[in-house]
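Readers should treat all values here as calculations from the given coordinates under stated rules, not as data from a laboratory. Values in this document were obtained by computation on a predicted structure and should not be read as measured data. Note: ideal-geometry Cβ built from the backbone for every residue, glycine included; neighbour counts use all protein chains shown.
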Amino acid sequence: MRELRLMKGNEAIAEAAIRCGVDAYYGYPITPQSEIMEYLTMEEPHKRTGMVVLQAESEIASIHMVYGAAGCGKMTMTSSSSPGISLMAEAISYMAGAELPCLIINVQRGGPGLGTIQPGQADYFQATKGGGHGDYNLIVLAPSSVQEMADFVGLSFDLAFKYRNPVLMLSDGAIGQMMEKVYLPAQKERLTDEEIEKRYSDWATFGKKANRERNIITSLSLESEVQEKHNFKLQAKYAKISQDEVRFERIACDDAEYLLVGYGTSARICQKVIQLGREKGIKIGLLRPITLWPFPSEEISKLANQVKGILSVEMSAGQMVYDVKLAVEGKVKVMHFGRFGGMIPSPDEVLHALEEKLIHN
Amino acid sequence: MTEEIIIAGFGGQGVLSMGKILAYSGIMQDQEVSWMPSYGPEMRGGTANVTVILSSERISSPVINRFDTAIILNQQSMDKFEKMVKPGGVLLYDNNGITHPPTRKDINIYLVEAAKESALMGSTITFNMIVLGAYLQIKPIVNMENVIKGLKKSIPERHHKMLPLNEQAILRGHEIVKQIQETKSILV
Amino acid sequence: MENTITAQDIIRDGELVFKKTACLTDNVLSYCPGCGHGVAHRILMEVIDEMGIQSQTIGVSPVGCSVLAYDFMNIDMQGAAHGRAPAVATGIKRVFPNKFVFTYQGDGDLAAIGTAETIHACNRGENIVIIFINNGIYGMTGGQMAPTTLPNMKSSTTPYGRDVKMMGHPIKMTEIVATLPGTCFVTRQAVHTPAAVNRSKKAIRKAFENQKLNKGLSFIEIVSNCNSGWKMTPVKSNKWMEENMFPYYPLGDIKDL
């Protein structure tokens, strides 16, 4: 039976990581996600499962430690918040290039710069459009509850190893800090070294065996023809992911005349807006992207044929709205509403914005 | 049933833990719950508040700006949250340090002198449990049995010897509100 | 072609004096003729061969001239980002504590951009080996100033010589890491003479033996030449190294616990 607990989102990630059989966590403290490493060190997972937890000297070091362990075929993760993720951009690009599976968690805070420690969603571009250099994509999952913080740890690793690609969980300070009911997964055994060597013998480094060529983890190929070929291979993989891994949730969409698009904390607020709007006779629905990359463009395009207007609700100055507009292709009016810099919009504000921008306009 | 509560006061008054006990009690009673703290510099003194929602349905926004109940334990919080109580809602406050008592006429206001009571009980740590007891007398959204279970879950085991004192404080809160309720009904 | 001479014609029984270790690949080294990297690669791989640990060793290559070390070393390897090799090696060693892990880094990689990673891996006493090739210059990018470039030494970014008032003094990483409790063996060696090569190889062997015993981090600096970057013939560059590099970077063990 799954165990029920009241936990913070950050703690739920940490406990789920232990239970999913994660091999290593390397991290560096930053608000509002430090509870992840604090919980892990308190739990002493090396005693529970043999999981490694190490506090590095910087986000740069922690993500490169992830690179090293991921290159060994181990289930490896790190977590940080916005400024720390910027520091990790280098290695994230390298890992995308070297096709290393791993989980990176961004419990976003408001920016730019040191910004604030309050929640934000202004790292959408960084998460979905790059962050690091080069043509690459991360699979980006956006949990909107403490339960999903726990559930997406296992899902992230499934996807990361399926496609040999880094997965980013784009959360925010509100979900990281809030407590909700969470059903925890059952404890899974960590893979043994022998199992890893058997499963990933075609790419992971664990010591060259006599019966195979050496395995090399690298993102470098100095010959342009080879590098282009590698890029084509990556693009083919991204196309496959785009086709097969789009995830979203439709809430009250069937009869909706106005559509909200929101993820994470914003999606929670939007659910209240649906209720408030419907009390006033405005039929509002919500499309909640669960994967921000790949983005549920097709579903939004379909809904654009049905509704009179779409409002993208984000704790940013307007980032995801560009993807919504691309999906809608001008079929209906698409507007943005956001609070940012650490501010969380209230349901009333969002409803007001919807009325102002889409109904009375 | 959905009950949306803000608990607000100074750091160190047990605001967050009171919310946590309430949330845990809700879980014991098969409710959906959310506990959304203000965090950051507030953790290091200054004001602290937590939004707790208990509901029989899936909880939508954990962040709200209108509350069924506001539990207010300092003046800054009174200034901020009195106006956010829904008409017909409840405002429960302790008057220690309150210079401007609430003035709204469209809500039910309860003054619970918990700081004074906790001093009388000989232990100021009972303060937040007196407040919790008072609230649960006004809105019995979770029964006492589940509150005790919630209390046990949210207090580390090494502090379980404090459970009887906490229970006593909750009951004292009940009584205070009972007296207020009786007086009110006499007035009516 | 009947007159073609094959290796078998030259290497006759009893005449073989040197055989390349199987831990080196057959790829042609990309280093400039006269450069010390090739020798350093060879003795490192010979140690791994002689210890019989090829199947348990994971190497980490840097960014710099030895960025393609994995083309020449016939072992499982990971290419790290610039300066991050000690962090990558930490990540590997922590999940494979019983395997042998080393980094192979140049001076720009280890002593400039990767200073923090180097210091902290040493300070944590990671059970790894760090091989540090110090030739006082950025070779791969075309001879720019390194953190270890000597005072008044010319480079493409110090065309009038390194002015220590403006650019600071050359950094002695080996002396620095020797002060950290996490290091167990810290030494400075060279590979410019057969005797020096032998001493370097012994040091590398000791470093891997230390790793086997979980003694902590072994740090081996190899002061080397960069005849291309220094714009000298190989022979002259080695002489210049002896006269100028060794006085500032004296050879020998600094710490051996």
Taking every DSSP beta bridge with both residues inside chain A, roughly what % is antiparallel (nearest 5)? 30
Counting each DSSP H run of 4 or more residues in chain B as -39500 (n - 2.57), what helix-only mean residue ellipticity at 222 nm follows after dividing by all residues, to the nearest 500 deg cm²/dmol? -12500 deg cm²/dmol
Given the candidates C:Gly64, A:Ala252, C:Ala40, the one whose Cα lies deepest towards the positive end of the charge dipole of the protein assembly as shown, counting +1 at each Lys or Arg C-beta and -1 at each Asp or Glu C-beta, is C:Ala40
Given Cβ charges of +1 for Lys and Arg and -1 for Asp and Glu, the option among A:Leu159, A:Thr78, A:Val107 whose Cα lies farthest towards the positive end of the dipole of the stretch A:3-193 is A:Leu159
Partner lysines for C:Lys239 [C-alpha distance under 19 Å; skip if fewer than 8 residues away on the same chain]: C:Lys154, C:Lys231
Environment charge at C:Leu24 (Cβ cut-off 9 Å; Lys +1, Arg +1, Asp -1, Glu -1): -1
Taking the alpha-carbon centroid of each part, what is the distance from the stretch C:178-242 to the stretch B:155-178 in angstrom? 69
Amide H contacts under 5 Å for A:Trp293, placed H, 5+ residues apart: A:Val140
With the cut-off at 22 Å, tell me which of the pairs A:Lys233/A:Lys302; B:Lys20/B:Lys184; A:Lys209/A:Lys233; A:Lys8/B:Lys153; A:Lys74/C:Lys99; C:Lys201/C:Lys255 have Cα atoms farther apart than that. A:Lys233/A:Lys302; B:Lys20/B:Lys184; A:Lys209/A:Lys233
What shape does chain B have by the C-alpha gyration tensor, where a ≥ b ≥ c are the square roots of the eigenvalues, rounded means a/c under 1.5, and otherwise prolate means a/b greater than b/c and oblate the rest? rounded
For chain A, calculate the relative contact order in percent as a whole number, restricting contacts to Cα pairs under 8 Å that are 6 or more residues apart. 18
Please arrange C:Asp76, A:Asp323, C:Asp26 by counting, for each residue, the other beta carbons lying within 10 Å of its beta carbon, fewest first. C:Asp26, A:Asp323, C:Asp76
Measuring from its Cα centre, the stretch C:31-256 shows a charge dipole (+1 at each Lys and Arg Cβ, -1 at each Asp and Glu Cβ) which, in debye to the nearest 20, is 200
Estimated dipole of the protein assembly as shown in Debye, rounded to 20 [Cβ of Lys and Arg +1, of Asp and Glu -1, Cα centre]: 680
Give the cross-link partners of B:Lys152 among the aspartates and glutamates, using a straight C-alpha distance below 13 Å as the criterion and excluding same-chain residues fewer than 8 apart. B:Glu167
Spatially proximal aspartates and glutamates relative to A:Lys181 (Cα-Cα < 13 Å; intrachain offsets below 8 disregarded): A:Glu3, A:Glu11, A:Glu148, A:Asp151, B:Asp30, B:Glu32, B:Glu57
³J(HN,Hα), Karplus 6.51/-1.76/1.60, whole Hz, each residue of the stretch A:210-216, x for Gly, Pro: 4, 8, 8, 5, 5, 9, 10
Give the percent of DSSP beta bridges with both residues in the stretch B:37-188 that are antiparallel, rounded to the nearest 5. 10
Would you order A:Cys253, C:Cys32, C:Cys23 from fewest to most other beta-carbon atoms within 10 Å of each residue's own beta-carbon? C:Cys32, A:Cys253, C:Cys23
Just how far, in whole angstrom, is the stretch A:160-214 from the stretch A:1-34 if you go by their alpha carbon centroids? 14
Here FRET efficiency (C-beta to C-beta, A:Asn305 to B:Met84, R₀ 45 Å, nearest 0.05) is 0.70
Among A:Val226, A:Val307, A:Val107, which one shows the highest mean-square fluctuation when chain A is modelled as a Gaussian network with alpha-carbon springs under 10 Å? A:Val226
GNM on chain B, C-alpha springs below 10 Å: top fluctuator among B:Arg104, B:Arg158, B:Arg58? B:Arg158
Among beta bridges assigned by DSSP with both residues in the protein assembly as shown, the antiparallel ones amount in percent, to the nearest 5, to 35
Mind ordering A:66-76, B:147-157 by average Cβ neighbours within 10 Å, highest first? A:66-76, B:147-157
Rounding to the nearest 20 debye, state how big the charge dipole of chain A is about its Cα centre with +1 on each Lys and Arg Cβ and -1 on each Asp and Glu Cβ. 460
Ascending count of other beta-carbon atoms within 10 Å, so fewest first, for A:Leu87, A:Leu114: A:Leu114, A:Leu87
Hey, can you rank C:94-102, C:40-48 by average C-beta count inside 10 Å, highest first? C:40-48, C:94-102
Considering Cα pairs under 8 angstrom that are at least six residues apart, work out the relative contact order of chain B and quote it in whole percent. 22
For the stretch A:83-231, averaging the sequence separation of alpha carbon pairs under 8 Å that lie six or more residues apart and dividing by its residue count, the contact order in percent is 26
Farthest positive-ward along the protein assembly as shown dipole, Cα basis, beta-carbon charges - from C:Ile75, B:Gly14, A:Gly342: B:Gly14
Neighbours of B:Arg66 by Cβ distance under 9 Å: Lys/Arg at +1, Asp/Glu at -1, summed charge -2
Would you tally the net charge around C:Pro170, using a Cβ to Cβ cut-off of less than 11 Å, leaving C:Pro170 out, and scoring K and R as +1, D and E as -1? +1
